[in-house]
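Heads up, the thing below is written out as structure tokens.
Derivation of every value follows stated rules applied to the coordinates shown; laboratory data play no part. These figures come from a predicted structure and were not determined experimentally. With ideal geometry, Cβ positions are generated from the backbone for all residues, glycine too; neighbour counts draw on all protein chains shown.
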Amino acid sequence: MAGMSATSSEMAMTGTPSLRLERHEEGGSAIFSVIASGRWTVHDVAALAGQLDGLLAELKSGRAAGVEINLSHVERLDTAGAWLLEQAAELFRSSGLKPSYVDGREEFMILLSEIQSRSLAVQPEDRKIGAITGLLADVGRTTRGILDDMASITGFLGALTVTFGRVLMQPWRFRWTSFIHHIEHTGLRAVPIVCLICLFIGAVIMQQGAIHLRSYGASNFSVNLLGVLSLREIGVLLTAIMVAGRSGSAFTAAIGSMKMREEIDAMRTLGLDPMEVLVVPRVLALMVVLPILTFIGSIMCLIGGGIAAGYYLGLDWTAYWDRMQDIASVKHFMAGMLKTPFAAVVIGIVGCLEGMKVGGSAESLGSHVTSSVVKAIFIVIILDAIFAMFLSEVGI
Amino acid sequence: MQNGSDTQIAKSQGDPIIRVRGLTKRYGAHTVLENLDLDVEEGEILGVVGASGGGKSVLLRCIIGLENIQAGRVEIFGRDMTAMSDKARFEIDTRWGVLFQDGALFGGLTVLQNIQVPMREHLKLPQPIADELAHLKLSMVGLAPEAAGKYPSELSGGMRKRAGLARALALDPEIVFLDEPTSGLDPIGAAAFDRLIRRLQRTLGLTVYMVTHDLDSIFAVCDRVAVLDGGRIVRTGTPDELRRSPDHPWIESYFCGERARAAMAAT
């Protein structure tokens, strides 16, 4: 590389940037020359900035009448260097000297006058707020956000109900294709993953129950534990969380990207109601699919428990199901299934609503997909807790 | 201090600042650029034109090293970019700036922070100086000081391009690559952007490599135009030369059509 070898020998010759002060008398008053030399580029300004203050002190002590900034030795000047020279000139100006540039190359002067013309009113920093005020402000903002969310979810639920009512009155407007499509994607394709997760969790609950109840001599009751738990809670929650993560996020992403590309607006101008076209089929599909998935999930939970029971309780397959038949009553099953359509509505509404809130940027899409999943799971769990209390109060 | 003008002195006067020889770029069986030659002289504004999908952007990406090339060499500042160590490349990176089509600002950072990214990465500047310099760049590209604290998603397309240009200029590069700088801007905004490029090029002594569709900007700012057709540069010349003697069907339809006449009349 010929360029490289030449470079090193040139290196010594190119000056590092510096400022030097010279004094000469002119008509009884002292004129100072500040001689700038070397390369004044963005790579060097940090080193130069420190030299300015010392220079000013020296100037003041010398009782200067005027100051020239001599640029004849400057090898290279870029905006950063020019900015620094202007800083120096500004400093001189503010201390009553009248600085002038001399011997600069033409392009330097163009650049300097360009910089000079820029009024660099650096915006005052945002008012500094203390840690505690900041914390309180954050709490306030978050609370406000939660209230806003509640309001918008309620509003969306209302709008959905109205649209649903209209579709009921005019059933030919219902989008069957879309409905079936979403049943396939949110339901059929979720079956393997729901099965797998519920199978493992069922086995784990049985295993843990067997081990920990053994110390009370009650390890056999782990079958009761699993039977009630999986039918009432685990099947519902696991499936809802899985569906919120899989399909709620997909709803938000799909609707959000349509929002980003103004497809939703285009729909409105074409006389299509996005609520009817996009939201109703999705929410209805979820309401059909989630109970079915929950049923499958609960059964898989029991099967997983049965496998674990074989290992840890020594209960064989038929004995396990015999006992399970006594425990797993229709009551428990219904208590679980009752919750699923509500969970489906929550997941569907949150997913679609977050999609509708997406703004113009990809970042906004990403953050809304995340918050869609988080909010849906959160609300599903809250709902589940409320149901658990209510159902035990009414004795189911 | 490590790079600066050293290599520039080593490079003999009058050599092109960018020299592309025999560049070939294929995607699978599809050849986009074939045996392409191109020179960019120091201090000029070169416009690269060509049909949509003709490889203008690919050529730009090949030159700045974002794409691997199958054959040929790219020399910038007289140094072969294809056979360069990563460390040398890192240093060369400070000597050019790139403006991508939609600004390519980092969405998680404010405009001011975006402009400071190259400063932080390559220089050790005290924060106050970095702030002042970033504000200076912002003002040079014609953005109001209020834009400094905004996020890219809060800016209009034209403002994003200006902010992207400010970031490209953050380290006072010698070459600026612009990918369709005026696309998506309204005619007034596009004309203002053209003037901005011209003015910055004059004050900072930049070399500008500009991919464009826009006939107005070609006639308004380009010193020279290179026409890309069929995977190679078929002609270079001043916009006027190309208009007077097209000698090529694509150039003729491009430079001698209705729109070209209007653009010509406007300048």
task = Would you mind getting me the FRET efficiency between A:Gln208 and B:Leu66? Use the beta-carbon distance for r and R0 = 51 Å, nearest 0.05.
result = 0.40
message = Calculate the FRET efficiency for A:Trp317 and A:Ser215 from the Cβ-Cβ distance with a Förster distance of 35 Å, rounded to the nearest 0.05.
response = 0.85
ask   = Among residues other than A:Phe32 whose Cβ falls under 9 Å from its Cβ, what is the net charge (Lys/Arg +1, Asp/Glu -1)?
value = -2
query = Given H placed 1.01 Å from N in the peptide plane, which residues other than close sequence neighbours of B:Gly97 have an amide H under 5 Å from its amide H?
reply = B:Ile175, B:Val176, B:Phe177
task = Sort the stretch B:126-221 into rounded, prolate or oblate with this rule: let a ≥ b ≥ c be the square roots of the eigenvalues of the Cα gyration tensor; rounded if a/c is under 1.5, and if a/c is not under 1.5, prolate when a/b is larger than b/c, oblate otherwise.
result = oblate
request  = Determine the relative contact order of chain A: mean sequence separation of Cα pairs under 8 Å and six or more apart, normalised by residue count, in whole percent.
outcome  = 16 percent
Inter-chain Cβ neighbour average for residues B:130-140, partner chain, 10 Å = 5
request  = Mind giving me the nanometre distance, one decimal, between the label points for B:Ser156 and B:Arg198, set 7 Å out from Cα along Cα→Cβ?
outcome  = 2.2 nm
ask   = Hey, rough spin-label estimate for B:Asn35 and A:Ala254, points 7 angstrom out along Cα→Cβ, what's it come to in nanometres?
value = 5.2 nm
note = Per 10 angstrom bin, beginning at 0 and ending with the bin that holds the maximum distance, the Cα pairs of the stretch A:13-117 fall in percents of 15, 52, 29, 4, 0
key: Value of D in µm² per second that Stokes-Einstein yields for chain A, Kirkwood Rh from Cα pairs, at 4 °C (1.567 mPa s)   = 46 µm²/s
note = Using eta = 0.692 mPa s and T = 37 °C, Stokes-Einstein with Kirkwood Rh from Cα pairs puts D for the protein assembly as shown, in µm² s⁻¹, at 106 µm²/s
ask   = Quick one: net charge of A:Ala80's neighbours, Cβ under 10 Å, K/R +1, D/E -1?
value = -3
query = Taking other Cβ within 10 Å of each residue's Cβ, how do A:Cys301, B:Cys222 sort, fewest first?
reply = B:Cys222, A:Cys301
ask   = So what's the back-of-envelope 222 nm ellipticity for chain A, counting only DSSP H runs of four-plus at -39500 (n - 2.57) apiece and dividing by all residues, rounded to 500?
value = -22500 deg cm²/dmol
inquiry  = Using the Karplus curve 6.51 cos²θ - 1.76 cosθ + 1.60 with θ = phi - 60°, what ³J(HN,Hα) values do you get for each residue of the stretch B:231-245, in whole Hz, with x for Gly and Pro?
reply    = x, 9, 7, 8, 7, 10, x, 5, x, 5, 4, 5, 6, 5, 10
key: Between the stretch B:116-156 and the stretch A:238-304, the alpha-carbon center distance in angstrom   = 42 Å
key: Note, ³J(HN,Hα) from phi for the stretch A:238-243, Karplus 6.51, -1.76, 1.60, rounded to Hz, x at Gly and Pro   = 4, 5, 4, 5, 4, 5
request  = Bin width 5 Å, alpha-carbon pairs only: give the P(r) of the stretch A:162-393 as whole percents, running from 0 to the bin holding the largest distance.
outcome  = 1, 7, 13, 15, 16, 13, 11, 8, 6, 4, 3, 2, 1, 0
ask   = How much net charge surrounds A:Met267 when only the other residues with a Cβ under 11 Å from the Cβ of A:Met267 are counted, with Lys and Arg +1 and Asp and Glu -1?
value = -3
message = Taking 30 Å as R0, compute the FRET efficiency from the Cβ-Cβ separation of B:Ala51 and B:Arg73 and round it to 0.05.
response = 0.70
